[in-house]
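*Asks:* Take a look at this one; I'll ask things after.
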Amino acid sequence: MITLPENFPTTPTVKPGEVWLVGAGPGDPRLLTIMAIKAIQTADAIIHDALIDTRVLDLAQKGAKIIYVGKRGGMASSSQPEITATLIELAQAGHAVVRLKGGDPFVFGRGGEEAEELAKAGIGFRIIPGITAGLAGPAMMGIPATTRKTNHAVILATGHRVKDDQDGENWRALARTGQPIILYMAMKRLEEIMLALADGGLDQNTPVAIISSATMKDEKVLRTTLKQAIHDVKQNAMPSPAIVVVGAIAAIKIDMLVKMSDLP
């Protein structure tokens with residue numbers, strides 16, 4: 001039990017008829033924010049994505065509705081309109097609703113879309129940010145998103161295909177920025193993306209780091225290069241979900257780091 005000082009700001013609870021869009025962080029339950037914990041504990045309906053640790057759901061109050069709407073590539077899943085409709089229906093029925101998402105709701109989590117639809121329906125909502133896996137995963141492995149010696153910017157990108165014929169040019173354009181790129185949901189198209197980045201002028205020896213199951217007990221990290229990435233991924237069986245870091249920061253190693261996966 002965490003005891004907070006008396007002068008610590010009070011934490012609101014989810015009210016009937018409200019929807020809170022809550023970020024569950026990168027995976028390990030200990031990386032939840034205080035607001036996220038309070039939201040999960042006070043909601044009577046929780047609509048959650050895939051990859052939410054069961055220990056996070058165990059925080060829910062007894063009798064709360066737990067509704068799975070996970071979206072995983074290649075698997076049967078709820079459509080986005082169905083998810084949004086469920087949120088609105090539950091709120092209109094007077095439930096205190098938490099929409100629980102991995103990472104941060106507004107970083108490749110479709111939280112913005114859901115917030116817009118809730119506003120259109122006249123549903124009160126809050127946004128509870130979470131630690132996004134694209135920054136937390138590398139950080140926990142000693143890979144900083146920025147350092148003064150390597151980069152003045154960092155690019156966050158999703159590996160999903162853009163719905164036009166400019167997809168390859170988009171990757172080539174990112175390569176030409178010279179800034180490190182952190183990729184979400186890229187494993188399915190990794191070879192295609194690596195080739196496009198090389199075609200955009202990125203050096204074949206550019207460091208690449210791949211973190212699978214970031215912050216969890218089965219976490220794995222692979223350090224390779226743009227040229228060797230596909231071969232090394234196949235050799236080392238790096239499964240999804242994974243974060244891919246491309247650029248100078250991927251070569252940084254900080255000794256004596258205690259990782260989350262090393263903790264009890």
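The values are calculated or read from the model by the stated rules, or taken from the named source; none is laboratory data. Everything quoted here is computed from the prediction, not taken from an experiment. Because the Cβ atoms are built from the backbone with ideal geometry, glycine has one as well, and the counts that use them run over all protein chains shown. Accessible surface areas use protein heavy atoms only, side chains included; no ligands, DNA or RNA. Shrake-Rupley method; radii C 1.70, N 1.55, O 1.52, S 1.80 Å.
*Asks:* Expressed as cubic angstrom per residue, what is the convex hull volume of the alpha carbon set of the range 111-176?
*Replies:* 141 Å³
*Asks:* Oh, and also: The range 35-117: which trypsin sites (Lys or Arg not before Pro) are DSSP loop and have at most 16 other beta-carbon atoms within 10 angstrom?
*Replies:* On the way: sites: K38, R55, K62, K65, K71, R72, R99, K101, R110; in loops: K62, K71, R72, R110.
Qualifying residues, ordered by number: K62, K71, R72.
*Asks:* Of the residues A85, A145, A93, which exhibits the maximal mean-square fluctuation in a Gaussian network model of the chain defined by a 10 Å Cα contact cut-off?
*Replies:* Comparing A85, A145, A93 in a Gaussian network model of the chain, the most mobile one is A93.
*Asks:* Put a dot 7 Å past each Cα toward the Cβ at A251 and R126; how far apart are the dots in nm?
*Replies:* For the pair R126/A251, the computed spacing is 4.5 nm.
*Asks:* When ligands, DNA and RNA are left out and all protein chains stay put, how many square angstrom of accessible area per residue does the range 202-264 have with a 1.4 Å probe?
*Replies:* In whole numbers, the range 202-264 has 53 Å² accessible per residue.
*Asks:* Can you give me the % of accessible surface on the range 51-176 that is carbon or sulfur? Probe 1.4 Å, all protein chains present, nothing else counted.
*Replies:* About 53 percent, which is the carbon plus sulfur part of the accessible surface.
*Asks:* Let me ask something else about it. How big, on average over all directions, is the shadow cast by the Cα convex hull of the chain, in nm²?
*Replies:* 16.3 nm²
*Asks:* To continue, here is another question. How much length, in nm to one decimal, is gained on full extension between N7 and Q92, taken as 0.36 nm per residue of separation minus their Cα-Cα distance?
*Replies:* 27.1 nm
*Asks:* At a 10 angstrom cut-off on C-beta neighbours, averaged per residue, how do the peptides 226-235, 20-29 rank from highest to lowest?
*Replies:* Descending packing order for the listed peptides: 20-29, 226-235.
*Asks:* Also: Could you calculate the contour length gain from H231 to K62, that is, 0.36 nm times the residue separation minus the distance between their Cα atoms, to one decimal place in nm? Could you put the intermediate results ahead of the total?
*Replies:* Details: separation 169, 0.36 × 169 = 60.84 nm, distance 4.79 nm.
That works out to 56.1 nm of additional length.
*Asks:* Please tell me the relative contact order of the chain in percent, rounded to the nearest whole number, where contacts are Cα pairs under 8 Å and at least six residues apart.
*Replies:* On the way: 522 pairs, mean separation 49.1, N = 264.
The normalised contact order for the chain reaches 19 percent.
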